[in-house]
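Inspection log for the structure reproduced underneath, given as structure tokens.
Taken together, the values in this text are just the output of simple stated rules run on the coordinates, not laboratory data. Keep in mind that what you see is a predicted model, and the values were worked out from it rather than measured. All Cβ positions, even for glycine, are placed from backbone atoms using ideal geometry, and neighbour counts span all protein chains on display.
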Amino acid sequence: MKNPQLPTKRVLTLDAAKQIAAAAHAEAKKNNWSLVIAIVDDGAHLLYLERMDTAQLASVTVAQEKAFTAVRFRRPSKALEDAVVAGRNVVMTLPGATPIEGGLPIVVEGDLVGAIGVSGGTSAQDSLIAAAALADFV
């Protein structure tokens, strides 16, 4: 039996995750914000985590959950937050959903390769840092 033709899949590497996190760190530092940055692969497995000095401990978990949400649902975590704010409270019961702004999928040429989650500031600040980190990457 011949081997079936399998598609080629893009993957997020540790070096790429570190590059994204470094961009997030630089933007956070520029704004004097102390945050937690989590980068996950397309299976929502943690690749890289950085807790900046004085960032609150709870943000370690929240940053990861925002990234997990962005990759699992293939959309920014803010999309789920917006649904809840609009009255769609059932979103809060979805397994693996953290409807809090600050998680963004990492998409390269149409392929989902992972996600970034940022926590420790306001939700808008977290989202700004995540977007800035991805601006030069994707």
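Looking across region 101-138 at every residue that is part of a loop (DSSP other than H, G, I, E, B) and out of contact with any strand residue (DSSP E or B) (no Cβ under 8 Å at 6 or more places or on another chain), the one that is surrounded by the most Cβ atoms within 10 Å (Cβ to Cβ) is identified as E101. For region 10-35, a residue qualifies if it is within 21 Å of E109 (Cβ to Cβ) and outside any helix (DSSP H, G or I), and the qualifying residues are R10, V11, L12, T13. Scanning region 47-57 for residues that are in contact (Cβ under 8 Å) with a residue 12 or more places away in the chain and surrounded by fewer than 16 Cβ atoms within 10 Å (Cβ to Cβ) yields D53, T54, Q56. Being within 12 Å of L35 (Cβ to Cβ) and hydrophobic (A, V, I, L, M, F, W, C) is a condition met by no residue of region 82-102.
Do we find that A79 is touching a residue at least 60 places away in the same chain (Cβ under 8 Å), surrounded by fewer than 22 Cβ atoms within 10 Å (Cβ to Cβ) and of a type in the set (A, V, I, L, M, F, W, C) in this structure? No.
How many residues does region 69-98 hold that are in a loop (DSSP other than H, G, I, E, B) and within 14 Å of L112 (Cβ to Cβ)? The qualifying residues number 4.
Exactly one residue out of A97, A133 is under 12 Å from A67 (Cβ atoms) and touching a residue at least 24 places away in the same chain (Cβ under 8 Å), and it is A133.
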